[in-house]
Structure formats: structure tokens, C-alpha cells
Amino acid sequence: MREWTRSLLLAAALSVGVAAGFGVYTFLYARGASYMTDDPTACANCHVMHAHYDAWVKGGHRHVAVCNDCHTPPGFVAKYFVKALNGWHHSEAFTTGNFVEPIRIKASNRRVTESACRHCHQDVVEAMDGTHPGVGRTDCLHCHAGVGHMQ
């Protein structure tokens, strides 16, 4: 094996090792395994979520739903895909400091939450949607944006 090939392989192995080391360190430091559970305290690992968690604890939904019930879609694959995607975005935002406080829900996550509202409150939502012909679907979060996180 030529010397430059050996050096190139060594540099590649070193780069992969450093990247893997940073990844493992970040995962452990951020308590990454906790996000694979349904435990609501995992959502409060980051300081920007403390107020949301505290408000959920005081709210009525805590008796019937945890964070994942409202903020991830049903089904194993869909749930963990959304959790992984959000985890990536959250870790990127918090590592770079590029986020606003209070934290705001993104459009894709808002659709997931809207779907959860419609699922759990199906009878009420269908009755409301049916009373406004030609108006279109009612957006639950338009009137109930603070539900689950009222302070």
C-alpha cells in the first residue's frame, strides 16, 4: 500500500472517529435516550421547555395525554421519524443558539398537533365543521393555541 493511500485511510478513520465521538458525547450529554420514551419530563430537558412542561403539569390534559400524544403522529415509524427530525432540529438550534424564546411550533408540527386534537375530540370537531358549510375546516389551534400549555 502506498504511503499516501495509507495516510488518506488514516485521515478518514480519524475523521469518522472524531465525528462518532462528538455524536456519542452529544447524545449522552443531551440525554438522548430519554427522548425515546413517552416520559414528559424528557421534554423539559432543555430550559426553553420548562414553562411548557410546568403549564402542562397544571393543565387538564396531563390526566389524559403526554407530550407524544399531541406532538407526534400515531404509529411507530411515523412517531419516531418525527421525534428524530425534531431532535435533529432542536439539537442544531440549541447547539448554535439559533432559536427564539419562547419556543414556537413549526408548521409541520402544528399539523401533527391539529390532527391529534381532531382525533381525540372527533365528535365535537365534526359537529363544528358541519355547522359552517362552505367555510372549510375549523382550525382547532386558532382558538385553542394555549391548550396543554396554558400558564
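The values are calculated or read from the model by the stated rules, or taken from the named source; none is laboratory data. This structure is a prediction, so every number in the text was calculated from the model and none was measured. Cβ sites come from the backbone with ideal geometry, for glycine too, and all protein chains shown count toward neighbours.
Tabulated data
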read-out: Top-ranked residue in segment 57-78 [being outside any helix (DSSP H, G or I) and in contact with a Lys or Arg (Cβ under 8 Å, 6 or more places away or on another chain); ranked as surrounded by the most Cβ atoms within 10 Å (Cβ to Cβ)]; value: Thr72
read-out: Criterion (of a type outside the set (Lys, Arg), within 30 Å of Cys70 (Cβ to Cβ), at pLDDT below 90 and not assigned by TED's automatic domain parsing to the domain that holds Phe76) met by exactly one of Thr26, Thr41; value: Thr26
read-out: Selection count, segment 97-121, where residues are modelled with pLDDT of 90 or more and of a type in the set (Asp, Glu); value: 1
read-out: Verdict on Val147 being more than 30 Å from Phe22 (Cβ to Cβ) and surrounded by 13 or more Cβ atoms within 10 Å (Cβ to Cβ); value: yes
read-out: Condition met for Ala30 (surrounded by 14 or more Cβ atoms within 10 Å (Cβ to Cβ), farther than 23 Å from Val147 by Cβ and touching a residue at least 12 places away in the same chain (Cβ under 8 Å)); value: yes
read-out: Qualifying residue in segment 101-109 (condition: assigned to a helix (DSSP H, G or I) and farther than 16 Å from Cys43 by Cβ); value: yes
read-out: Close pairs from segment 53-74: first free of Cβ contacts under 8 Å to residues at least 24 places away in the same chain, partner of a type in the set (Phe, Trp, Tyr), Cβ under 6 Å, at least 6 apart; value: Arg62/Trp56
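Conditions tested, residue by residue: (1) more than 30 Å from Phe27 (Cβ to Cβ); (2) modelled with pLDDT of 80 or more; (3) not assigned by TED's automatic domain parsing to the domain that holds Thr26.
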| site | (1), (2), (3) |
| --- | --- |
| Cys46 | no, no, yes |
| Val77 | no, yes, yes |
| His89 | no, yes, yes |
| Glu92 | no, yes, yes |
| Asp123 | yes, yes, yes |
| Met128 | yes, no, yes |
| Asp139 | yes, yes, yes |
| Met150 | yes, no, yes |
